[in-house]
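J.: A single structure is presented below for examination.
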Amino acid sequence: MVLDEKPVLKVNNLVVRYGKGCPDCQQNLEKNRCKICGTVWACNDVSLEVYPGEILGIVGESGSGKSTLMKSLYFDFPTTSGSAYLSEYQNGESDIWQASAGQQRMIRNTIMGMVYQNPVMGLRMDYSSASNIAEKIIAAGARNAGQMTSRAEELLSAVEILTSRMQEAPKNFSGGMQQRVQISKALANNPSILLLDEVTTGLDLSVQAKVLDLIRKIKAKYGISVLLVSHDLAVIRMLADRTIVMLDGKIIESGLTDQILEDPQEAYTQQLVHSLL
């Protein structure tokens with residue numbers, strides 16, 4: 001990771017607002033909700049960069065805006081204002097949120113991969129694991145059945161799922177295995193950036209450890225950049241090169257993960273770090 005390289009992803013001044021807003025919103029926020037008009041500012045002027053081969057962690061409590069940020073990047077949520085650029089989309093010179101619906105589908109299917117906290121959002125539970133991966137490959141325009149089968153075998157092996165089970169549906173798998181199928185599907189078209197949204201929440205500790213170790217191996221094998229959201233600082237400590245701390249829709253602190261953990265500047269970050277000790 002070299003920070004003077006061109007970023008894989010750049011987000012400028014993202015705002016995601018629920019409600020019309022009022023002239024006095026920003027002066028009357030209680031947490032991230034306006035006391036006058038009731039508007040919720042889920043993301044409030046969020047800017048960040050992710051560099052090649054980097055894992056950028058985003059940590060914060062429930063309602064801090066981190067999942068809203070992720071789902072906005074993957075076009076699941078509409079944005080109010082702001083811009084975002086991917087180095088692999090028009091050489092990083094065009095705002096992905098201004099792209100046409102067709103271009104946004106292409107970005108979702110080829111440049112980014114998403115792994116949701118709830119596997120139901122990322123997988124077709126009644127399809128086989130191989131078919132889930134094939135669906136992603138077909139969405140990117142491929143039609144060769146043999147190549148799709150070969151790719152499914154490669155990816156399921158990479159996430160340590162036996163190829164003898166590739167025709168089984170994810171509904172028959174444990175939560176940890178479902179997350180691994182989601183990761184393999186997200187990698188189907190060699191994306192330049194992987195979005196991981198609370199991927200270990202709700203898993204047993206031993207399963208969490210296996211999933212986190214898998215993410216490290218995937219990053220090492222494919223050299224992929226990762227945007228990793230978690231409310232758990234232990235997960236961030238294990239994986240992230242740099243870390244952003246969010247609270248009430250805003251970034252309140254950012255820096256190298258070691259620096260954030262060893263010398264947090266903000267009271268909220270200090271509280272998070274002390275809760276980990």
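J.: Checking the condition of a type in the set (D, E, K, R) and more than 11 Å from L56 (Cα to Cα), which residue from D241, D232 passes?
T.: D232
J.: Only one of (1) within 22 Å of K6 (Cα to Cα); (2) touching a helix residue (DSSP H, G or I) at 6+ places or on another chain (Cβ under 7 Å) is not met by Y116, so which one is it?
T.: Status for Y116: all satisfied but (1).
J.: Going by the conditions given, is A152 modelled with pLDDT under 95, part of a loop (DSSP other than H, G, I, E, B) and either of a type in the set (G, A, S) or in contact with an Asp or Glu (Cβ under 9 Å, 6 or more places away or on another chain) (or both)?
T.: No; evaluated as a whole, the condition is false for this residue.
J.: Using the structure shown, decide if G176 is small (G, A, S), surrounded by 15 or more Cβ atoms within 10 Å (Cβ to Cβ) and in contact with a strand residue (DSSP E or B) (Cβ under 7 Å, 6 or more places away or on another chain).
T.: So G176 fails the test.
J.: If you don't mind, another one. Being open to solvent by less than 30 Å² (accessible area, probe 1.4 Å), within 21 Å of the chain's Cα centre (by Cα) and not aromatic (F, W, Y) narrows it down to one of K210, K221, K136, K217, so name that one. Let's see the steps before the verdict.
T.: Working: K210 fails: open to solvent by less than 30 Å² (accessible area, probe 1.4 Å); K221 fails: open to solvent by less than 30 Å² (accessible area, probe 1.4 Å); K217 fails: open to solvent by less than 30 Å² (accessible area, probe 1.4 Å).
The conditions single out K136.
J.: Here's another thing I want to ask about it. Kindly evaluate Q167 against the criterion of being in a loop (DSSP other than H, G, I, E, B), in contact (Cβ under 8 Å) with a residue 24 or more places away in the chain and surrounded by fewer than 23 Cβ atoms within 10 Å (Cβ to Cβ).
T.: yes
J.: Name the pairs: first residue in the stretch 135-146 and closer than 20 Å to Q103 by Cα, second residue open to solvent by 50 Å² or more (accessible area, probe 1.4 Å) and among the aliphatic types (A, V, I, L, M), Cβ to Cβ under 8 Å, at least 6 apart or on different chains?
T.: From residues that are closer than 20 Å to Q103 by Cα, the pairs are A140/M106.
The values are calculated or read from the model by the stated rules, or taken from the named source; none is laboratory data. Note that the coordinates shown come from a computational prediction; the quantities given were computed from them, not determined experimentally. Because the Cβ atoms are built from the backbone with ideal geometry, glycine has one as well, and the counts that use them run over all protein chains shown. Each accessible area value is taken on the protein alone, full model and side chains, heavy atoms only, with ligands, DNA and RNA left out. Shrake-Rupley method; radii C 1.70, N 1.55, O 1.52, S 1.80 Å.
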